[in-house]
Each structure stands twice: as structure tokens, then as C-alpha cells.
1. How would B:Ile73, A:Ile38 line up from fewest to most surrounding beta-carbon atoms within 10 angstrom?
2. Based only on other Cβ atoms within 10 Å, what is the fewest-to-most ordering of A:Val51, A:Val117, A:Val235?
3. Which value, in debye to the nearest 20, gives the size of the charge dipole of segment A:37-144 about its Cα centre, when Lys and Arg are +1 and Asp and Glu are -1 at the Cβ?
4. Structure shown: which of A:Lys76/A:Lys132; A:Lys61/A:Lys100; B:Lys42/B:Lys65; B:Lys42/B:Lys74; A:Lys61/A:Lys207; A:Lys121/B:Lys86 lie over 20 Å apart, alpha-carbon to alpha-carbon?
5. Rg(Cα) of segment A:37-144 divided by 2.2 N^0.38 Å?
6. Work out the charge dipole of segment A:37-144 with +1 on the Cβ of Lys and Arg and -1 on the Cβ of Asp and Glu about the Cα centre, then indicate which of A:Cys93, A:Ile38, A:Trp56 is farthest towards its positive end.
7. In whole Å, how far is the Cα centre of segment B:53-105 from that of segment A:72-104?
Amino acid sequence: MNRLLFGVILVIVSAAMVSAQGGVKKKRPLPDEFGRVIINNNSEKAGLAPVVFNHWLHRSKFTCRLCHVDVGFAMKAGTTGIKAADNARGFYCGSCHNGKKSADNVQMFEACSKTAVPADKTRCMRCHSLGKNVTPKYDFAEFTAGLPKGRFGNGIDWEKAEETGVIKPVDYLEGVSIKRKAITAQKDFALSPKLEGMPEIIFSHKKHTLWNGCELCHPEIFVGVKKGTTKYSMVEIFDGKYCGVCHVSVAFPLTDCQRCHTKQVQ
Amino acid sequence: MKGSVIFSILLGLILFSSPVIQEPCSNVSMLYGTAYAEQDWKTEFDDICGRTQDAMAYSPEELRKLVERCDKIKPLIEKLGETERKVYLRRLEMCRELFVFTLESKEKK
């Protein structure tokens, strides 16, 4: 594609995106709300507040792969089908939140249990917190103050935070993860770092594998050869497909055009 | 007398199964898997699905074997309790489908 033409298209698409967003009045989430997931398949039915899960806190401590491959959380809000009993048996949230295991030398408070001793209630409400006046242990502004700034999303440059070692996400959970060989031995067999047919897009296979693990992307998100489809459009990406699975709601969002399209959008 | 016969048989068995005299090539165990008892599906699962990151390094034949090994433990996982079944069937599926994906990608080339 001709560079000038591409630039023009970028501008048009951006304009379309902006107006589309204005049309539905979908307000951009605040930095602390970005990556927040509300889980409510059964909580309210059971007389409890819906569960609030924040990615910013958890991803500062663990890799995406740990939760989405090893623990087995789905990549779409509400679709894992987490039950209180699963948590109590030590799966899903309970693979960490069991009142025994610890991370960063802090014991992870226990998830759901049958006992309804009043003393437990505050614990239940740490997760079953939507609409409740719960003061979290971690304050977003305080917690993120020392992290490198980003332009959108959480307002944090997560990649840089990791590169510079300000955060060190753990990739292994005893009793849950499989001991793997370090991936560093493998070369970035990738496609050249830039995607075929669209020279301006950065995509590092190797970096993404470190964060996500191969099986999270293939074939669920990128079917690739299977259907012979290697072409995807920006509209589909905005619709939450392909790169958009992660880059709409958790990783830096699509509004940050230049991070993928290296050429400055005017 | 009898004791020493049994002893040497045992010794033979132990030596035979010890890794020292096994073929150094790890592909042997990779291809055929190790014999496992039913409750040992977890060891087998770990061995198979701990290899996903190296998927590109395997030959089509090796990948096919890995897929077969996934299919073999599936019925064992289906017998587990509700939660474990749900969690491990998803994990197995993700791992199996990655091997299938890599296999198809290699065969296309």
C-alpha cells in the first residue's frame, strides 16, 4: 500500500472510530477501570454482590499465561463459569486465594467458602464488592505511582514496567503450572517482526509468547493456516477480534494507533 | 538360592527401567509416552502440555504423536469430578489444538 494513501486511510478510520464512539456514547474507561471485569453469573442470584476483578493489580504480579493458560480463565468476561465450589476446591480464584499460598510474601486471602460467620463477611466482600462501600487494600493511584506512564488504558506502559524490572510478573504457580523449559532457547521463528502485507505493523511473536503462551493465541484467536485467513481488518480488530481480543480491554488499547502502526498518524 | 534368583530378577528390572541405560534420545519417550496408571493422567498431561512452547521444534510425526497422547488421556479426565473435569478438559483442549495448528502449518509448507 502506498504510504500516503495509508496515511489518508488512517485519518479517515480514526475519524470514523471517534464518531462511532461518540454515537453510542461509550465513555472511555478511567485508568483504574481499564481491564476491570465484573463477574455475575450467580452472585446476585445467591444474594451476594457481583464480583469485581481488576487486571491492573493481578497483571503486575502474574503473567497473562499463568491465569489464562494454567489456571484456565477464559478470555471473555463471564464465560469461564466460575462457581463458588470451584474456588473452594482450589481452582480458578481459589488456585491462589486459598488462605495458604502467598505471593510477594503476602498470604492470599481465601475465596468462597460455605461458612457464613460474620467475621468472614468482610473477606467475602473483598471480591463480592460491586456497589458496596469496600476500601481496597491497594489504591490504584498509590500502587501505580512508581510505574512508567503510558498514554491510554491504565495510563501505564506495562511493557516498559516489565523491561525495566519495576514489576516482575510470576509465570509459575505451584501445583497448577507445568514446569517448562525456558523459552529463551527458541529463536523468534516468527514471521519477520512485521506482519505480511502491512509493513507498518509491529508484532513480536517472541514477546507475546512470553506474556501469553502459544496456546492462548493459536488457534482460538489466530486460526492462521486452518482457514487460510491471514487477513484481518481494523474494523474486526475494533470489534474485539484478533489483536483486539487483548488490545481492546486489557493490553494497551487500540486508540494508541502508533504503537502498532509505526508511522505517525499525522 | 531362591532369594538370589528373585533378587537378580528385581535387579534386572530396576536396571532395565533406570534412565541410565535408556536411550539418550528423549524422542523415544516423547513418541511413545511412558506407561502410566489411570490416576497418573496428570504426569502424562504435564509431560505433553509442558511442550507447547517448543511446538515449532517438533516434526509432523512427533506432533501427531503428541495429539494422539492428548486423545488418550481425555477419557481419564472425563471421569474426574466436576471442577477438575472442567478445568483440565479446557487445558487439554488448548494444548491439543496448538499441536494440531502447528502440524497443519508445517504440512502446508
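1. On the way: B:Ile73 23, A:Ile38 12.
Ascending number of Cβ neighbours within 10 Å: A:Ile38, B:Ile73.
2. Listed from fewest to most nearby Cβ atoms, that is A:Val117, A:Val235, A:Val51.
3. Numbers: 15 positive and 8 negative charges, 41 e Å.
Roughly 200 debye, rounded to the nearest 20.
4. On the way: A:Lys76/A:Lys132 24 Å; A:Lys61/A:Lys100 17 Å; B:Lys42/B:Lys65 18 Å; B:Lys42/B:Lys74 11 Å; A:Lys61/A:Lys207 17 Å; A:Lys121/B:Lys86 28 Å.
Going by Cα-Cα distance, A:Lys76/A:Lys132; A:Lys121/B:Lys86 fall outside the 20 Å limit.
5. Working: Rg = 13.5 Å, N = 108, 2.2 N^0.38 = 13.0 Å.
In units of the 2.2 N^0.38 Å rule of thumb, it is 1.04.
6. Value computed over the given set: A:Cys93.
7. One Cα centre to the other: 22 Å.
Laboratory data are not the source of any read-out in this text; all were calculated from the coordinates shown. Keep in mind it's a predicted model, so treat the numbers as computed, not measured. All Cβ positions, even for glycine, are placed from backbone atoms using ideal geometry, and neighbour counts span all protein chains on display.
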